[in-house]
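Here is the structure we will look at, set down as structure tokens.
The values are calculated or read from the model by the stated rules, or taken from the named source; none is laboratory data. Remember, predicted model here, so these are calculated numbers, not experimental data. Every residue, glycine among them, receives a Cβ derived from its backbone with ideal geometry; neighbour counts consider all protein chains shown.
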Amino acid sequence: MTEPIPPAATPDTIDAVAGLREGDAVATLRRARDKVLLHTRLSETALFDTALPDLSLIERLHAARYVAQRSNAHALAATYRARLIDAGGTPDDIARADADAFDALPRRLGALLAHARRLTRSPADARPSDLDELKSAGFTTPAIVALSQLVAFVSYQLRVAAAAQALQARAAREAA
């Protein structure tokens, strides 16, 4: 095994939403798997790169926030909400998304969020016709792939953050 990755200048999203602090046992454990930490950070950077074609940053942040919100990962949803607002997203569109009022959103955003909901709630029910809906809303095949990767990544983030919080809670109980 190689040396653990030193902490970044700013905490990564998982550390931030899980409340991990440098020196905590769980933070140290997370850094012991340096390749996993590195690739998690690189994945997040790539998925939210402003240069990613065919899928705007606002669309990606809407999808990330929606997946986290629907998964009851409220700290992660709040993180993505703040990033979305900073990028130019509107509270009205967020409220419509939270109400699953996709028809009240611009067609492309509504189709994106409907796909995110499907992948979050019932991925086994996804059908080829669902991809046709995205294409008719203007999404390219690479954009659809990127969207699906983003949904999977946010699901990964929220699970790692929940596991880290559970480990911290257990460590706190054992220390008491």
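Each row is one residue, and each column tells you yes or no for (1) more than 24 Å from residue 144 (Cβ to Cβ); (2) aliphatic (A, V, I, L, M); (3) touching a residue at least 60 places away in the same chain (Cβ under 8 Å).
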residue	(1), (2), (3)
29	yes, yes, yes
32	yes, yes, no
43	no, no, yes
49	no, no, no
66	no, no, no
70	no, no, no
100	no, no, no
Selected residue (only one of 60, 81, 31 is more than 30 Å from residue 140 (Cβ to Cβ) and either assigned to a helix (DSSP H, G or I) or of a type in the set (Asp, Glu) (or both)) = 31
Could you tell me which residue of region 24-36 is nearest to the chain's Cα centre (by Cα), considering only residues that are farther than 17 Å from residue 170 by Cβ and at pLDDT 85 or above?
-> 36
Residue that is surrounded by the fewest Cβ atoms within 10 Å (Cβ to Cβ), among those in region 12-35 that are more than 14 Å from residue 73 (Cα to Cα) and small (Gly, Ala, Ser) | 23
Which residues, counting only those in region 157-176, are without any contact (Cβ under 8 Å) to a residue 12 or more places away in the chain and within 21 Å of residue 41 (Cα to Cα)?
-> 159, 163
